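Novice: Attaching a single structure in structure tokens format; questions to follow.
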Amino acid sequence: MAGNVTSSFAATGSARFENRSATRDSGAVRIILLALGLGFFALFLLLPLIVVFAEAFRKGFDTYWAALFDPDALSAIRLTLIAAAIAVPLNLVFGVSAAWAIAKYDFRGKALLTTLIDLPFSVSPVIAGLIYVLIFGAQGWFGPTLAGYDIKIIFALPGIVLATIFVTFPFIARELIPLMEAQGSDEEEAAIVLGASGWQAFWRVTLPNIKWGLLYGVILCNARAMGEFGAVSVVSGHIRGLTNTMPLHVEILYNEYQFAAAFAVASLLALLALFTLAMKSFIEWQARRTPEKEIQP
Amino acid sequence: MAGHSSRKVLPGFDLTLGVTVVYLSLIVLIPLCAVFIKTASLSLEQLWNTISAPRAVASYRLSFGTSLLAAAVNAVFGFILAWVLVRYSFPGKKQVDALIDLPFALPTAVAGIALTAIYAKNGWIGQHLEPLGIKIAFTPTGVLVALIFIGLPFVVRTVQPVLEDLDAEYEEAAASLGATRWQTVTRVVLPAVLPALTTGFALAFARGVGEYGSVIFIAGNMPLISEITPLIIITKLEQYDYAGATAIAAVMLVISFALLLIINLLQAWSARHGRRAT
């Protein structure tokens, strides 16, 4: 599979192009392209990251800590953690199920199913929030019924969780499907033939094979779950101390011109992003260091 | 590949497919249908008046125009970045490579306020542009900047693996047959990378059209000038105009699905192309 070929080249890296006269760019071209590429990188990616931390500490550590330990900030952090703690495991179960069904079997409609799983990627987050308002909101399909039972979904935790699940829906499945397709099912079949149950084959054979991909899927899904803004903004109602997640708290502080506090809370989310990227690099390095059996025919 | 025979041996097909289809239907498919059912409750005239209102039309022009431009900028600089990362070695390369994915991992609201702090008129860069009469934040240019940030990794990450898989032999063959370096790049490398580049462009464009969090802080959100389509939906929702919000959402969904179809075709083209080349 194409995805695995890259790792075998990674060992040689750019040297295989730089050492040959035919593929080596001239000095001037090199310098111009490096300047353009890295300049663009610095301006559009590096600078915003630096700005987050610089602005967060602009008024000193005391303001920074005060912003983080403000009761509203703490409740926003708590809500974000709770929402992610519900959304990520649900998407994990779904992702593993979908990958097992799609990678291990052939069936009609498989291509369609794969496309439908990717659907949330192409839906604007604002629409992701809107659909749940249409169903569970006060004027929605089930709104009056739910109000009769005093159940709140919109402007409450369940709505936030639903919107978060929607926007992070494909992440784990997408990470696992190509990985499990590449690995095939010979090992699982051998385990079954030797008398293992389906669950034993999954836990002892499949899981060790997919653990790094699975871990990265979970980490990325978690980062997006904690950082989701548009979808959650539509369903949350922005009730301070109650239905504000961290990104929404950042927005409120910013709109109140409490810039240092807004960037302080934002810096926590930026740290989460950096942690996610570091884990990605670590996992890629791990996967390269322990060559998977997948490449064998 | 998973063999045809595996269905007989491996258990769990019914369970896993069942979980997948039920969860997909409950979370994604049925809720999305709500948009079209709600839109169907409008009369054709109401629907047309909502989606062709001047503010809505101006927002389509802004959202699609800036997304297209941002995707084009990213196609050029994303290609250069992918080239630099694959072909050259330089200090800090690993860190640069890892940070390319930052827009995937950084919450959009954080990106939004950071970009505003850079380009506002008293901002890091904005204060130097202000005397020159250049305004970026709170103008359509600000929207463009945010969408460039959001879309960059799509181009780099689709082009990079294709560049890595490209055998140096093709370029050597071209060079030994007398092609100049420029000819080799435009006639050998570029055609091989084109499907991936187009896919990356389309992905960045599709993402830009729906983007909300990173844009609203820097856009200024002036009706008819710097108001993006997702914001129109939010504004209508806040006025309890559910039908209006849904009608605009239906327009966006139809366009997004069309884009998704195009991207799928592009990816199929890309995969076919890759197989032929190797």
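Novice: Once the piece of chain linking A:Ile32 and A:Leu90 is laid out straight, how much longer is it, given 0.36 nm per residue of separation minus the C-alpha distance between them? Provide the component values of the computation, followed by the final result.
Specialist: Details: separation 58, 0.36 × 58 = 20.88 nm, distance 4.78 nm.
Residue separation times 0.36 nm, minus the Cα-Cα distance, leaves 16.1 nm.
Novice: Now a separate question. Please list the radius of gyration and Dmax for segment A:137-187, considering alpha-carbon atoms only, with Å as the unit.
Specialist: Considering segment A:137-187 through its Cα atoms, Rg and Dmax are 18.5, 54 Å.
Novice: Residue by residue through B:193-206, how many Cβ atoms from other chains fall within 10 Å of the Cβ on average? Numbers along the way, then the final one.
Specialist: On the way: counts 0, 0, 0, 0, 0, 0, 0, 0, 0, 0, 2, 0, 0, 3.
Going residue by residue through B:193-206 and averaging, the value is 0.
Novice: Above 30 angstrom, tally the Cα pairs of segment B:43-277 and express them as a % of all pairs, no decimals. Walk me through the intermediate numbers first.
Specialist: On the way: 9974 of 27495 pairs.
Looking at segment B:43-277, the distances longer than 30 Å represent 36 percent of pairs.
Novice: For B:Thr180, project a label point 7 Å along Cα to C-beta. Then give me every residue of segment A:25-68 with its amide nitrogen under 20 Å of that point.
Specialist: Under 20 Å, as judged by backbone N against the label point of B:Thr180, lie A:25-33 of segment A:25-68.
Novice: Also, quick follow-up: What would the Debye equation give as log₁₀ I(q)/I(0) for segment A:17-131 at q = 0.15, 0.19 Å⁻¹, counting only Cα atoms as equal point scatterers?
Specialist: -0.99, -1.07
Novice: Quickly estimate the mean residue ellipticity at 222 nm for the protein assembly as shown, helices only: each DSSP H run with n ≥ 4 gives -39500 (n - 2.57), and the total goes over all residues, rounded to 500. Show your work: numbers first, answer last.
Specialist: On the way: 33 runs with 423 residues, N = 575.
Computed mean residue ellipticity for the protein assembly as shown: -23000 deg cm²/dmol.
Novice: Which pairs break 23 Å Cα to Cα here: A:Lys59/B:Lys121; A:Lys280/B:Lys93; A:Lys152/B:Lys38; A:Lys104/A:Lys211; A:Lys59/B:Lys135; B:Lys121/B:Lys236? Kindly include the intermediate steps, with their values, before the conclusion.
Specialist: Values: A:Lys59/B:Lys121 20 Å; A:Lys280/B:Lys93 15 Å; A:Lys152/B:Lys38 21 Å; A:Lys104/A:Lys211 17 Å; A:Lys59/B:Lys135 27 Å; B:Lys121/B:Lys236 30 Å.
Over 23 Å apart, Cα to Cα: A:Lys59/B:Lys135; B:Lys121/B:Lys236.
Novice: Please check: in the Gaussian network model of chain A (C-alpha springs, under 10 Å), which one of A:Ala190, A:Ala156, A:Ala35 has the largest mean-square fluctuation.
Specialist: A:Ala35
Novice: Pick out which of A:Ala83, A:Ala54, A:Ala111 has the largest mean-square fluctuation in a Gaussian network model of chain A, springs linking Cα atoms closer than 10 Å.
Specialist: A:Ala111
Novice: What average count of beta carbons from other chains do you get within 10 Å of the Cβ of residues in B:160-166? Please report the intermediate quantities before stating the final value.
Specialist: Numbers: counts 1, 5, 2, 1, 10, 4, 3.
Counting other chains' Cβ atoms within 10 Å and averaging over B:160-166 gives 4.
Novice: Now for a different question. Along each of its three principal axes, how wide is the spread of alpha-carbon positions in segment A:54-200, in whole angstrom units, largest first?
Specialist: Taking max minus min along each principal axis of the Cα atoms, segment A:54-200 gives 62, 46, 30 Å.
Novice: For an R0 of 51 angstrom, estimate the FRET efficiency from the Cβ-Cβ distance between B:Leu190 and A:Phe57 and round to the nearest 0.05. Before the final figure, lay out the partial values.
Specialist: On the way: r = 45 Å, r/R0 = 0.89.
For R0 = 51 Å, the calculated efficiency reads 0.70.
Novice: Using 10 Å bins from zero, what percent of all Cα-Cα pairs in segment B:128-211 falls into each bin?
Specialist: It works out to 16, 30, 23, 20, 10, 1, in whole percents.
Novice: Return the value, in Å² to the nearest 100, of accessible area buried between chains B and A (probe 1.4 Å, both sides summed). Show your work: numbers first, answer last.
Specialist: Working: alone 16480 and 17630 Å², together 24960 Å².
For B against A, buried area totals roughly 9200 Å².
Novice: A further question follows. Using Stokes-Einstein with the Kirkwood hydrodynamic radius over Cα pairs, what translational diffusion coefficient do you get for chain A at 25 °C and a viscosity of 0.890 mPa s, in µm²/s rounded to a whole number?
Specialist: Details: Rh = 22.4 Å.
The Stokes-Einstein estimate is 110 µm²/s.
Novice: Also, quick follow-up: Which residue, A:Pro71, A:Pro48, A:Pro247, tops the fluctuation ranking in a GNM of chain A built on C-alpha contacts under 10 Å?
Specialist: Evaluated over chain A, the most mobile residue of the options is A:Pro48.
Novice: Now for a separate question. What nm distance separates the two modelled labels at A:Thr115 and B:Phe257, each placed 7 Å from Cα along Cα→Cβ?
Specialist: A separation of 1.1 nm, rounded to one decimal place.
Novice: Here's another thing I want to ask about it. Straight-line reach from A:Lys110: which lysines have a Cα under 21 Å away, not including same-chain ones fewer than 8 places off?
Specialist: B:Lys8
Novice: Peptide A:96-102: average number of partner chain Cβ atoms within 10 Å per residue? Spell out each step's value before the answer.
Specialist: Details: counts 3, 10, 7, 2, 8, 10, 4.
Counting other chains' Cβ atoms within 10 Å and averaging over A:96-102 gives 6.
Novice: If you take the beta carbon distance between A:Ile50 and B:Leu44 as r and set R0 to 56 Å, what does 1/(1 + (r/R0)^6) give as a FRET efficiency, to the nearest 0.05? Write down the numbers at each step before the final one.
Specialist: Details: r = 52 Å, r/R0 = 0.93.
E(calc), rounded to 0.05, equals 0.60.
Novice: For a Förster distance of 25 Å, can you work out the FRET efficiency between the beta-carbons of A:Leu207 and A:Gln286, rounded to the nearest 0.05?
Specialist: On the way: r = 15 Å, r/R0 = 0.62.
Efficiency, from the Cβ-Cβ distance: 0.95.
Novice: Can you list residues from other chains, or at least 5 along the same chain, whose modelled amide H is less than 5 Å from the amide H of A:Ala156?
Specialist: Correct list: empty.
Novice: In terms of the ratio Rg/(2.2 N^0.38 Å) built on C-alpha atoms, what value belongs to the protein assembly as shown?
Specialist: On the way: Rg = 24.3 Å, N = 575, 2.2 N^0.38 = 24.6 Å.
Relative to the rule-of-thumb radius for its length, the protein assembly as shown sits at 0.99.
Novice: Please report, ordered by residue number, every helix of chain A (full DSSP H runs) that is 15 Å or longer along its axis going by C-alpha atoms and whose mean Kyte-Doolittle hydropathy reaches 1.6.
Specialist: Details: long enough: A:27-41 (21 Å, 2.13); A:71-104 (49 Å, 1.42); A:125-136 (17 Å, 2.57); A:157-168 (16 Å, 2.18); A:171-183 (19 Å, 0.64); A:207-227 (29 Å, 0.76); A:259-289 (44 Å, 1.22).
Counting only whole DSSP H runs, the qualifying helices are A:27-41, A:125-136, A:157-168.
Novice: Under 19 Å from a label point 7 Å along Cα→Cβ of B:Ala53: give me every residue in segment A:109-129 with its amide N that close.
Specialist: Once the point is set 7 Å along Cα→Cβ of B:Ala53, A:126-127 turn out to lie under 19 Å by backbone N, inside segment A:109-129.
Novice: Output wanted: per-residue J couplings in Hz (rounded whole) for segment B:44-52, from phi through Karplus 6.51 cos²θ - 1.76 cosθ + 1.60, θ = phi - 60°, x for Gly and Pro.
Specialist: These are the phi-based 3J(HN,Hα) values: 4, 5, 4, 4, 4, 4, 5, 7, 10 Hz.
The values are calculated or read from the model by the stated rules, or taken from the named source; none is laboratory data. Everything quoted here is computed from the prediction, not taken from an experiment. Ideal geometry is used to build each Cβ from the backbone, glycine not excepted, and the neighbour counts take in all protein chains shown. The protein model used for the area step is the full one, side chains on, heavy atoms only, and it has no ligands, DNA or RNA in it. Shrake-Rupley method; radii C 1.70, N 1.55, O 1.52, S 1.80 Å.
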